[in-house]
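The values are calculated or read from the model by the stated rules, or taken from the named source; none is laboratory data. Everything numeric here is computed off the predicted structure, so don't read it as measured data. No Cβ is skipped: glycine too gets one built from the backbone with ideal geometry, and neighbour counts run over all protein chains shown.
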Amino acid sequence: MDKIEEVRGRRVVIRFESAKCVHSRNCVLGRPDVFVPNVEGEWIHPDRATPEEVAALAANCPSGAITYERLDGGANESPPLVNVVRIRENGPLAMHAPLTIRGVDSGFRATLCRCGASKNKPFCDGSHAAAGFKATGEPATAVSQPLAVRNGAVKVTPQANGPLRVEGPLEVVTGTGRTILRTTETYLCRCGASANKPYCDGSHKKVHFQAP
């Protein structure tokens, strides 16, 4: 994984991890003065925004590629009150929770591959577009009970040649915000072949999916 680029301003530090970036472009469209696209040299300018504005930009980064540290005494990013994974139409799984992925503390946001084509598994690298991946962002709602606890640690463990095992309180949410499952453990498809997306149905064995 690429190393993290760090730029220190007077009131806030911005960190950018390119290996996690899925090029949603929320940063360069939202604040092109702070994240300046297509330039030589320095392209991140923390002092052009307030710490609160930088925090909002980070919160709007679905992959977790952008993080920050406030130097003005203000609060840094806090974990969400409700852990969610959002299902992107024809695209990845966008997670928002206190995440441990493959045993590594991974912050509060990550975008994980579900098409099987990413070269940066378990993270999305945008390969779903070139692969022509098709999968609804609006699966049917399953019967589930409200969780006693809706936040807290979430552990993501990619199974060898298989799905993503997710442990911890989690709500599975569609692209339009409909909750379709409340769970404390589930297996999410990452081979792209399941007939029951976003969940695993064992199809990774039929398609001989290979991934550590």
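Within 30 Å of K155 (Cβ to Cβ) and of a type in the set (V, I, T): does that describe T67? Lay out the reasoning, then the answer.
Working: within 30 Å of K155 (Cβ to Cβ): yes; of a type in the set (V, I, T): yes.
Against the criterion (within 30 Å of K155 (Cβ to Cβ) and of a type in the set (V, I, T)), T67 qualifies.
Taking the conditions exactly as written (part of a strand (DSSP E or B), acidic (D, E), in contact with a strand residue (DSSP E or B) (Cβ under 7 Å, 6 or more places away or on another chain) and crowded, with 19+ Cβ neighbours inside 10 Å), does E171 satisfy them or not? Break it down into steps so the answer makes sense when it comes.
Values: part of a strand (DSSP E or B): yes; acidic (D, E): yes; in contact with a strand residue (DSSP E or B) (Cβ under 7 Å, 6 or more places away or on another chain): yes; crowded, with 19+ Cβ neighbours inside 10 Å: yes.
So E171 passes the test.
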Out of all the residues in the stretch 67-110, which are touching a residue at least 40 places away in the same chain (Cβ under 8 Å) and among the acidic types (D, E)? E69, D72, E89
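Hey, can you tell me all the residues within the stretch 91-126 that are touching a Cys at 6+ places or on another chain (Cβ under 7 Å) and either within 25 Å of P80 (Cβ to Cβ) or surrounded by fewer than 19 Cβ atoms within 10 Å (Cβ to Cβ) (or both)?
If the condition is that a residue be touching a Cys at 6+ places or on another chain (Cβ under 7 Å) and either within 25 Å of P80 (Cβ to Cβ) or surrounded by fewer than 19 Cβ atoms within 10 Å (Cβ to Cβ) (or both), then P92, R109, T111, L112, C113, R114, S118, K121, P122, F123, C124 are the ones that fit.
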Scope the stretch 127-136; condition surrounded by 16 or more Cβ atoms within 10 Å (Cβ to Cβ) and in contact (Cβ under 8 Å) with a residue 24 or more places away in the chain; matching residues: H128, F133, A135
Residue hits (the stretch 127-146; among the small types (G, A, S) and farther than 17 Å from R86 by Cβ) are S127, A129, A130, A131, G132
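Take T157 and tell me if it is assigned to a strand (DSSP E or B) and within 17 Å of the chain's Cα centre (by Cα).
Working: assigned to a strand (DSSP E or B): yes; within 17 Å of the chain's Cα centre (by Cα): yes.
Yes: the conditions hold for T157.
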So which residues in the stretch 79-130 are under 12 Å from the mean Cα position of the chain (by Cα) and among the small types (G, A, S)? G91, A94, A97, S106, G107, A110
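Each row is one residue, and each column tells you yes or no for (1) assigned to a loop (DSSP other than H, G, I, E, B); (2) outside the structural domain of P92 (by TED's automatic domain parsing); (3) exposed (fewer than 13 other Cβ atoms within 10 Å of the Cβ); (4) within 15 Å of the chain's Cα centre (by Cα).
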site	(1), (2), (3), (4)
R10	yes, yes, yes, no
R15	no, yes, no, no
V22	yes, yes, no, yes
V28	no, yes, no, no
D33	yes, yes, yes, no
E40	yes, yes, yes, no
Contact list, first residue from the stretch 144-164 and closer than 20 Å to P212 by Cα, second anywhere and buried (at least 16 other Cβ atoms within 10 Å of the Cβ) and β-branched (V, I, T), beta-carbon distance below 6 Å, six or more apart or interchain, is K155/T100; V156/I101; V156/V166; L164/V156
Among the residues that make up the stretch 149-160, is at least one of them touching a strand residue (DSSP E or B) at 6+ places or on another chain (Cβ under 7 Å), closer than 17 Å to S203 by Cβ and surrounded by fewer than 22 Cβ atoms within 10 Å (Cβ to Cβ)? yes
Screening P163, P146 for residues that are crowded, with 16+ Cβ neighbours inside 10 Å and closer than 30 Å to S78 by Cβ leaves only P163
Leading residue by the ranking (surrounded by the most Cβ atoms within 10 Å (Cβ to Cβ)) among those in the stretch 174-201 that are farther than 15 Å from G162 by Cα and out of contact with any strand residue (DSSP E or B) (no Cβ under 7 Å at 6 or more places or on another chain): R178
Selection over the stretch 2-23 where residues are more than 17 Å from D72 (Cβ to Cβ) and in contact (Cβ under 8 Å) with a residue 60 or more places away in the chain yields a count of 4
Matching residues, the stretch 63-78, being within 19 Å of the chain's Cα centre (by Cα) and of a type outside the set (A, V, I, L, M): S63, G64, T67, Y68, N76, E77, S78
